[in-house]
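Only the coordinates and a few stated rules stand behind these numbers; no lab work does. Predicted model, so just to flag it, every value in this text is computed and none were measured. Glycine also receives a Cβ, built like all others from the backbone with ideal geometry; neighbour counts cover every protein chain displayed.
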Amino acid sequence: MHRFAAFVVVSPLVFLLSSIPLMAGALPPCVKAVSSASGTFLVVSETEYQPGDSSEVSRKVQQVTLEVFPKETFINAKDRVVSQNRYWTDWPQWSVVLNSANTKPFVPGCPLTLVTDDGEFVVIVNIHVMDGGPALRIFRRRDHLSDPVREGPDHGVPVKDISLNEIWPPARLPDVITDESPQWFAGGTFEFSADSRVLIHKTRQGTTVRINLSDGSVSIGRTG
């Protein structure tokens, strides 16, 4: 009798919970590497987690390093491989380090990145804009062959963080509030200029955003 009564009480609750539609959308993909347009550079993401976290879902990211590798050109003819495949060197030219010291409100575990075809700039496309993060983060390479030798590894130089309201009209911002809504960049395109100094973003609202990578300045115009 007691077992039957418990079933009568619980079963409406189970039915009610099963009828509520899920609000959370599918998780975004975790991208390990991205190449430049012509494959001259490759950016590889390495993630470090805080010690003591055992759960794959809840463990917190301590640091993410984005390493920029140039394509291997096989300068010695005796070592050259002729094929349709691309090869990259085993040492990064420079890197971007994201941690609690330079990333707020938290370190993204799977950052989306763009890299120019000359390997000079890395742009992080942020999906956490509603958590107070910028839409885009621009970094440039610090050291070049003609520069004086500097101490320490080249972890890049931050150029500018660009907020979403610099890219989108304020009236369009509510579109990205819920998990089911498209990401702010979905339906748009990203392309670098021929000289790799301007990032051109065509939004799904029909505007063209031009971002000067050297200083982060933004200009907006209508597409077409």
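A compact table of results
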quantity	calculated
Inter-probe distance in nm under a simple model that places probes 7 Å from Cα toward Cβ, at GLN183 and ARG86	1.9 nm
Value of Rg/Rh across the stretch 26-167 [Cα atoms, Kirkwood radius]	1.01
Out-of-range pairs (alpha-carbon distance over 24 Å; input LYS71/LYS104; LYS71/LYS160; LYS60/LYS160; LYS32/LYS71; LYS32/LYS60)	LYS71/LYS104; LYS71/LYS160; LYS60/LYS160
Environment charge of GLN84, counting only residues whose C-beta is closer than 15 Å and scoring Lys/Arg +1, Asp/Glu -1	+2
Cβ-derived FRET efficiency at R0 25 Å, ALA33 paired with ASP79, nearest 0.05	0.60
Debye intensity ratio I(q)/I(0), log10, the stretch 69-126, q values 0.16, 0.18 Å⁻¹ (C-alpha model)	-0.68, -0.79
